[in-house]
Amino acid sequence: MVYENPDGVRIGLEIHIQLNKLKTKMFCGCSTDYHNAAPNTHTCPVCLGLPGTLPVLNKKAVEAAIKVGLALEGEIAEETQFHRKNYFYPDLPKGFQITQYDFPIVSNGKVVIEGEDGEHAVGITRAHMEEDPGKLVHIGSIGKSKGVLIDYNRSGMPLIETVTEPDMRSPKEARRFLDKFRNILEYLDVFDGNLEGAMRVDANVSVHWGTRVEIKNISSHKGVERALLYEIMRQKNVIRRGGKVSQETRHYDEGRGVTLSMRTKEEAEDYRYFREPDLMPMQVTDWIPAIKETLPELPDAKRSRFIEQYGITDMHAKSLTSKIMLADFYEDVCAEGVDPKIAATWTADVFLGELNYRDLAISSYDGKKISFIHAKDPKIKNSFKVSDMVELVNLFAEGKISDRAAVEVIRTMLDTTEEKTPSHIIEEKGLFKAEDDLVTKAIAETIAENEAAVQDYLGGTEKSLNFLVGQVMKKTKGTADAKTTRELIIKELKG
Amino acid sequence: MAKWMSVAQVKEKIEESSAEEVTAHYLEVIKKSKINGYIKVSEKALEQAKKIDAEEHDGPLAGVPIAIKDNISVVGLPSSCGSKILEGYAPPFNAHVIEKLLAAGAVILGKTNMDEFAMGSSTETSYFGPTANPWDLERVPGGSSGGSAAVVAAGEAPFSLGSDTGGSVRCPAAFCGVVGLKPTYGAISRYGVVAYANSLEQVGPLANNVRDIAVLMDVIAGYDRRDSTSIDSKTEYQKALVEDVKGLKIGVPKEFFGEGTHPDVEKAVWNAIHKYEDLGATWEEVSMPHIKYALASYYIIAMSEASSNLARFDGTRYGLRENGENWHAMVSKTRAEGFGTEAKRRILLGTYALSAGYHDKYYLKALKVRTLVKQDFDKALSKVDLLMAPTMPNPAFKIGEKIEDPLTLYLSDVNTCPINLAGVPSISVPCGFTDGLPIGLQIIGKPFDEPAVLRAAYTFEQNTDYHTKRPLEVA
């Protein structure tokens, strides 16, 4: 099957990611760990752009950029240099941003995603290093703001801006690209996507191979998909009404789910790029072999290995490798000698499913427990131990608990922060599978006590059987297996 | 106490009396100043000197006072860069050179006057009014480090620091009859020096004699990790002071003796070259064909960089802030009010040169010319050890004479700015007078060959007495 792309949609993305796993900023020694700090406490004369200060390049940021370039299968420039992008804005303390221009560190890469019609390669035009500006904080809402405060904690954070080719053919592909891209970055251990402001996306989109429109500064993967769906619809409507799509920059209003015009092509700014005279051009070719050695196994390779090594399905392997921390967790569970297939089901289907249902995002894994935080409210957080998953999988595999009980255990553990093992919860809730004679006894009692229902069932009212099963469950406090109970009652009544 | 003292003499005085007394002497002289050389005299200078006495500081400059150009950051003193836009700004950190000076025991007398953001050759563009030339109070001291040169010439400091982007140390040195060095690009950290044109400028010392220049260089030069363009050349500057030029090969670039050169300047410079010949050196004419494009290239590069460097002065964080109905209006008003005419002119021209459609025509072309100029220097200096030429084609002009005519003023940098394009070291030493006004000889060397430059300058000084002459106006 080949995807027809009926609306001639072309989407390209520009993605800014903060190298927030680095210890220090791009051009000074300030710490990058400012997310819970008071405003303007992670600053120094350099990232405040005070007169007389000079940038000093963070070598680790360059190494991280090369790492990203290699993971994106890109070419690493032999010589790379920095430029100034000049514009006025209150969050920009020098009146220019130090960025890269005609000598980006990475060019010509690609990322393979699951496209509309199977594997689909998205070209990476370039990826370059730059510094983040500060952050404006509006007093009150943006519309009715009484004033603006500036927090320069973010100023000088190391960024990588990645520009893709317009290779995505649907909003869904754009979202899949972003998921995959983020996953790769987290594998490289240069990026924590859960931190506020870690990733910002600009999307370029056109329909019927026409004029492209840029949508600026979208903060989530879901937001990108929604903004693109809206924008494609808008452009199609413009054309249907006989109009022409004009080249412009639009802003995505997340609350209303619409894009709004910001500026047209004529108003585009002239950034007057020129080489940053305070930083020397760099030759980085010699660094590459050593950096290559540090490259970890990337998502696609891990996925193939999981299928091979653990004998699990491609769906499970894909799901487990969609987060490096989850993949590591799963491997450590398997290392304890449990059945990898059962572990895959309980980790990828149930555990991950329950996390998503609760809007919990995996935030770290320390080799013993995997931690997660609520996507919207970082105060809600919890963790799940490798040893707990091992215990649960073993109990299930040994037939000591039903699948319903196992699900119940996982839910309970996610909903409480109390230190309880699965056996603990099973005991407390009486979730162990009931003994057979107990069930037999309960069935006999139920039949004796509910003659009317028995007669109804025998007379053809199927519903009555459900009632009888329910009564048995009640007597056994839910420990009976519903399916088995049903079969046993039928056998008893119909022979 | 003698009005004009070398660093060695200052140190003797400190030995005899105290750092406090020496500093008090200079503060007294400054008090009676007729030249407006200082923007701000440090209120802590005496205290600092007392501390040096109390600590029995044994640094190479223990108790020796120094004057600092106002674009070099010193904690506790305002840093205005001669501009209104930095009103009230005091840097919270010391420039690298200041850290070095303080560690060596120097006492900071104050901040000296300069052309606004070092943009000028006369110190007239300062928001704080012009500085007078000690040799003729109606004349300019040169610029942009006019204050730093004038206070040394007037005995208001034994030596000083300036900065040189296109001649800003050498021009005032020549006009005020003192010695001024523009070191090789990268020899001294620029950390804490407010940038005018980053790729061109260096901090440079000014003094009454060549030895004191070397003394200062030994303290302030060297690698600093905060300036990615700084280099550790491991030069020992005072060791270069050997009175011997036998076998020295001098190149005389005829392009530096252009049409507008004053005949007395030309004569004085040739006299100096012949003096070297007498002392055992040889000279030959060299040709540097691209020098005639250097001035245009220099101004385009300097203004382009400046337009970007000065963008940070927007009233948001420090310095002057005017009121406006929104942020953009506030920035516009602040910059309209805060910058002087020359700074505005250079910001506009630099912005223009970098703009889409003009970038290649001006900025890129200027960079290409810069490469050619550099090659001219490489080529010339492969045949000879040093180049010699007039520092300035003319002696100091009258205050107000050229300020309304920026192009004529720009032309006065014709012999100094090529050196900054090439990044090579160059010194200006006194080599004569015309109508009572000093003339400067410019000695240009290979990159990081300050030793050859200093040796030649020192030998000339030991065999002439121009550097001993003092301006009577301020005596």
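The values are calculated or read from the model by the stated rules, or taken from the named source; none is laboratory data. Owing to the predicted nature of the structure, the values given are computational and were not obtained by experimental measurement. No Cβ is skipped: glycine too gets one built from the backbone with ideal geometry, and neighbour counts run over all protein chains shown. Areas reflect the complete protein model, heavy atoms only, side chains present, ligands, DNA and RNA absent. Shrake-Rupley method; radii C 1.70, N 1.55, O 1.52, S 1.80 Å.
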> If Lys and Arg each add +1 and Asp and Glu each add -1, what is the summed charge of the other residues whose beta carbon sits under 13 Å from the beta carbon of B:Leu421?
Replying inline: -1
>> Within 10 Å of each Cβ in B:194-204, how many Cβ atoms from other chains are there, averaged over the peptide?
In response: 2
> Of all the C-alpha pairs in the protein assembly as shown, what % are more than 49 Å from each other?
Replying inline: 41 percent
> Carbon and sulfur together cover what percent of the accessible area of region B:30-75 at a 1.4 Å probe radius?
Replying inline: 50 percent
>> Counting only helical runs of four or more DSSP H residues, what would the 222 nm mean residue ellipticity of the protein assembly as shown come to if each run contributes -39,500 (n - 2.57) and the total is spread over all its residues?
In response: -11000 deg cm²/dmol
> Under 5 Å between amide H atoms, partner at least 5 residues away or on a different chain: which partners does B:Arg317 have, H built in plane at 1.01 Å?
Replying inline: none
>> In whole Hz and in residue order, list the ³J(HN,Hα) couplings for region A:20-27 that follow from phi through the Karplus curve 6.51 cos²θ - 1.76 cosθ + 1.60, θ = phi - 60°; x for Gly and Pro.
In response: 7, 8, 6, 7, 10, 5, 5, 10
> Which value, in Å² and to the nearest 10, is the accessible area of A:Asp91 when all protein chains are kept and the probe is 1.4 Å?
Replying inline: 20 Å²
> What is the set of long-range amide H partners of B:Ser42 at a cut-off below 5 Å, with H atoms built 1.01 Å from backbone N?
Replying inline: B:Gly110, B:Lys111
> What accessible area per residue, rounded to a whole number of Å², is obtained for the protein assembly as shown using a probe radius of 1.4 Å?
Replying inline: 42 Å²
>> Once you order the gyration tensor axes a ≥ b ≥ c over the Cα atoms, which shape class does region A:146-254 get: rounded for a/c under 1.5, otherwise prolate or oblate by comparing a/b with b/c?
In response: oblate
> What residues have an amide H closer than 5 Å to that of A:Glu248, excluding those fewer than 5 places away on the same chain, when H is modeled at 1.01 Å from N in the peptide plane?
Replying inline: A:Glu214
> How much FRET efficiency would the formula 1/(1 + (r/R0)^6) give for B:Asn271 and B:Leu372, where r is the Cβ-Cβ distance and R0 is 35 Å, rounded to 0.05?
Replying inline: 0.65
> Looking only at other chains, what is the average number of their beta-carbon atoms within 10 angstrom of each beta-carbon in B:326-339?
Replying inline: 1
>> I'd like the carbon and sulfur percentage of the solvent accessible area for region B:152-253, probe radius 1.4 Å, heavy atoms only, ligands and nucleic acids excluded.
In response: 48 percent
>> Over region A:10-290, what portion of Cα pair distances is larger than 37 Å, expressed as a whole percent?
In response: 12 percent
> Among the residues of region A:68-98, which ones have their accessible area go down by 30 Å² or more when all the protein chains sit together, as opposed to their chain alone (1.4 Å probe)?
Replying inline: A:Arg84, A:Phe88, A:Pro90, A:Pro93, A:Lys94
>> Given N residues in region A:297-429, what is its alpha carbon radius of gyration divided by 2.2 N^0.38 Å?
In response: 1.00
> If you take the alpha carbon radius of gyration of chain B and divide it by 2.2 N^0.38 Å, what ratio comes out, to two decimals?
Replying inline: 0.91
> Where in chain A are the helices, taken as whole DSSP H runs, whose Cα atoms extend 27 angstrom or more along the long axis and whose Kyte-Doolittle mean reaches at least 1.0?
Replying inline: none
>> Could you work out what % of the accessible surface of region A:297-429 is carbon and sulfur, using a 1.4 angstrom probe and leaving DNA, RNA and ligands out of the count?
In response: 50 percent
> So what's the net charge close to B:Ile439: Lys and Arg +1, Asp and Glu -1, counting the other residues with Cβ under 12 Å from its Cβ?
Replying inline: -1
> Among A:282-291, A:156-165, A:198-207, B:327-336, how do they line up from the highest to the lowest mean number of other beta-carbon atoms within 10 Å?
Replying inline: A:156-165, A:198-207, B:327-336, A:282-291
> Going down the table (A:Lys146/B:Lys333; B:Lys292/B:Lys469; A:Lys85/B:Lys383; B:Lys11/B:Lys40; A:Lys94/B:Lys234), which pairs top 31 Å between alpha carbons?
Replying inline: B:Lys292/B:Lys469; A:Lys85/B:Lys383; A:Lys94/B:Lys234
>> To the nearest hundred square angstrom, how large is the accessible surface buried between B and A, total for both chains, probe 1.4 angstrom?
In response: 2700 Å²
> Seen from all sides and averaged, what is the projected area of the convex hull of the Cα atoms in chain A, in nm²?
Replying inline: 31.5 nm²
> At a Förster radius of 22 Å, what calculated FRET efficiency corresponds to the Cβ-Cβ distance of B:Ser332 and A:Ser261, to the nearest 0.05?
Replying inline: 0.30
> So which residues of region B:47-90 lose at least 10 Å² of accessible area, probe 1.4 Å, when you go from the chain by itself to every protein chain present?
Replying inline: B:Tyr89
>> Need the per-residue list for region A:273-315: every residue with at least 50 Å² less accessible surface in the complex of protein chains than in the chain by itself, probe 1.4 Å, sorted by number.
In response: A:Phe274, A:Pro277, A:Asp278
> For B:Leu409, what charge total do you get from the other residues with a beta carbon under 13 Å from its beta carbon, if Lys and Arg give +1 and Asp and Glu give -1?
Replying inline: -3
>> Just to check I understand the Karplus step: with θ = phi - 60° and J = 6.51 cos²θ - 1.76 cosθ + 1.60, what whole-Hz values come out for region A:89-106, glycine and proline as x?
In response: 7, x, 7, 10, x, 9, x, 8, 10, 7, 8, 10, 10, 8, 10, x, 5, 10
